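K.L.:
Questions regarding the structure given below will be posed in turn.
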Amino acid sequence: MSRAVALRLGAFAGVLVLAFAGAFAIGSAVDPIAAAQPTQEKAGSPGMEGMAEEPAGGHGEGHGDASAQPPGLAVSQSGYTLVPATTFFQPGQKTPLRFTITGPDGKPVTEFTKTHEKDLHLIVVRRDLSGFHHVHPTMDAAGNWTIPFTFTAGGTWRLYADFQPAGHDQPLTLGTDVNVSGLYIPVPLSKPSSVFSIHGYDVTLAGKPQAGKESELTFAVSRNGKPVTDLQPYLGAFGHLVSLRSGDLAYLHNHPSEHAEPGMKGGPRITFGTTFPTAGTYSLFLDFQHAGAVHTAEFTVTVDADGTAIVPPTTLPSSSTTPGHDTTPHGH
């Protein structure tokens, strides 16, 4: 190689070094973690849980802003962080699921304000939106939360901790992923349908979900073709509705406007006011209690900008009969 060629190659290499050094300096000036944190915006839409007068709250009653960051997408917010004891599990084995909520001081939080009769609600679901569970772990004096749990299949699972720290003016919903070993076989979402059947119950959905505006959704519960008129209160309400957006699993948690006291009877209809933040596909999970048992009805709903995407029928069945429909629970 001639000296002239060698000099030209050396100069070119020097330019590359300077270019990479400049790129590194620019990149180092930007904090990717801080950039990824959701902005905290106040919102407002009556009956909207999780988007209500709070950043990413879980049980607030207020007004929603569809442009705000939906709950459940961040592991840390307002100084509070969801910290699982381990993020690796074996499928099919009952294992203690442990975690803490650390506060702004870095220590586990031990004092909470109850929301719907519990200090903390834990939602567990696989990232393909199968295997939904709404459970309530117990906390020891040191702030360690524990519940025996069985992950039914391999894959990545999402944990949502829905809680309100004592002294904090709004509820929070934090989310993180854990890994379950084994073969991962994705379960496709069920097609949109207005009727779901489980354990002898038929649940019919009516409404017109619309992106960015409050949508009224009504569920009617029947058993053996007869409307159920003696639903029992479950965690202070006749129903709990969790909606998860397909893709990023943004989280919404709603309760009916009617508060349920012990001894009251409800049904057959349960109505929610829900504001879906964007258009897209959502999985809806309705918990209701009857005859001492809690059941979960699952629906796939398409949300669009003008509220025309609800699947037929758009009206509820008559009060005397409800059509039966054999539906296998999606991963339940």
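K.L.:
Would you say Leu183 is of a type in the set (A, V, I, L, M, F, W, C) and farther than 17 Å from Phe132 by Cβ? Explain how you work it out, then say what you get.
P.N.:
On the way: of a type in the set (A, V, I, L, M, F, W, C): yes; farther than 17 Å from Phe132 by Cβ: yes.
Criteria met by Leu183.
K.L.:
Still on this structure, please answer the following. Look through segment 159-169, keep the residues that are of a type outside the set (Asp, Glu) and surrounded by fewer than 17 Cβ atoms within 10 Å (Cβ to Cβ), and return whichever of them is modelled with the highest pLDDT.
P.N.:
Among residues in segment 159-169 that are of a type outside the set (Asp, Glu) and surrounded by fewer than 17 Cβ atoms within 10 Å (Cβ to Cβ), the one modelled with the highest pLDDT is Ala166.
K.L.:
A follow-up question, please. Working carefully through the options Ala142, Ala153, find the one that is surrounded by fewer than 16 Cβ atoms within 10 Å (Cβ to Cβ) and farther than 30 Å from Pro268 by Cα. Walk me through it before giving the result.
P.N.:
Numbers: Ala153 fails: surrounded by fewer than 16 Cβ atoms within 10 Å (Cβ to Cβ).
Just one listed residue meets the conditions, Ala142.
K.L.:
Cβ-Cβ distance below 6 Å, separation of 6 or more or different chains: which pairs start in segment 70-85 with a residue that is under 12 Å from Thr176 (Cα atoms) and in a loop (DSSP other than H, G, I, E, B) and end on one that is open to solvent by 30 Å² or more (accessible area, probe 1.4 Å) and at pLDDT below 95?
P.N.:
Ala74/Pro38
K.L.:
Of everything in segment 170-219, what is of a type in the set (Phe, Trp, Tyr) and either open to solvent by less than 10 Å² (accessible area, probe 1.4 Å) or assigned to a strand (DSSP E or B) (or both)? Give them in sequence order.
P.N.:
Phe196, Tyr201, Phe219
K.L.:
Can we say Ile101 is open to solvent by less than 40 Å² (accessible area, probe 1.4 Å) and under 15 Å from Pro171 (Cβ atoms)?
P.N.:
yes
K.L.:
Could you list, in sequence order, the residues of segment 113-131 that are in a strand (DSSP E or B) and either open to solvent by 30 Å² or more (accessible area, probe 1.4 Å) or among the aliphatic types (A, V, I, L, M) (or both)?
P.N.:
First, the residues of segment 113-131 that are in a strand (DSSP E or B): 115, 118, 120-126.
Answer for segment 113-131, where residues must be in a strand (DSSP E or B) and either open to solvent by 30 Å² or more (accessible area, probe 1.4 Å) or among the aliphatic types (A, V, I, L, M) (or both): Lys118, Leu120, Leu122, Ile123, Val124, Val125.
K.L.:
Looking only at segment 132-167, which residues are in a loop (DSSP other than H, G, I, E, B) and under 13 Å from the mean Cα position of the chain (by Cα)?
P.N.:
Once the filter is applied, which keeps residues that are in a loop (DSSP other than H, G, I, E, B) and under 13 Å from the mean Cα position of the chain (by Cα), segment 132-167 yields only Phe132.
The values are calculated or read from the model by the stated rules, or taken from the named source; none is laboratory data. Just so you know, these numbers come straight off a predicted model, no measurement behind them. Glycine gets a Cβ as well: all are built from the backbone with ideal geometry, and neighbour counts include every protein chain shown. Side chains are part of the model used for accessible areas, which takes the heavy atoms of the whole protein and leaves out ligands, DNA and RNA. Shrake-Rupley method; radii C 1.70, N 1.55, O 1.52, S 1.80 Å.
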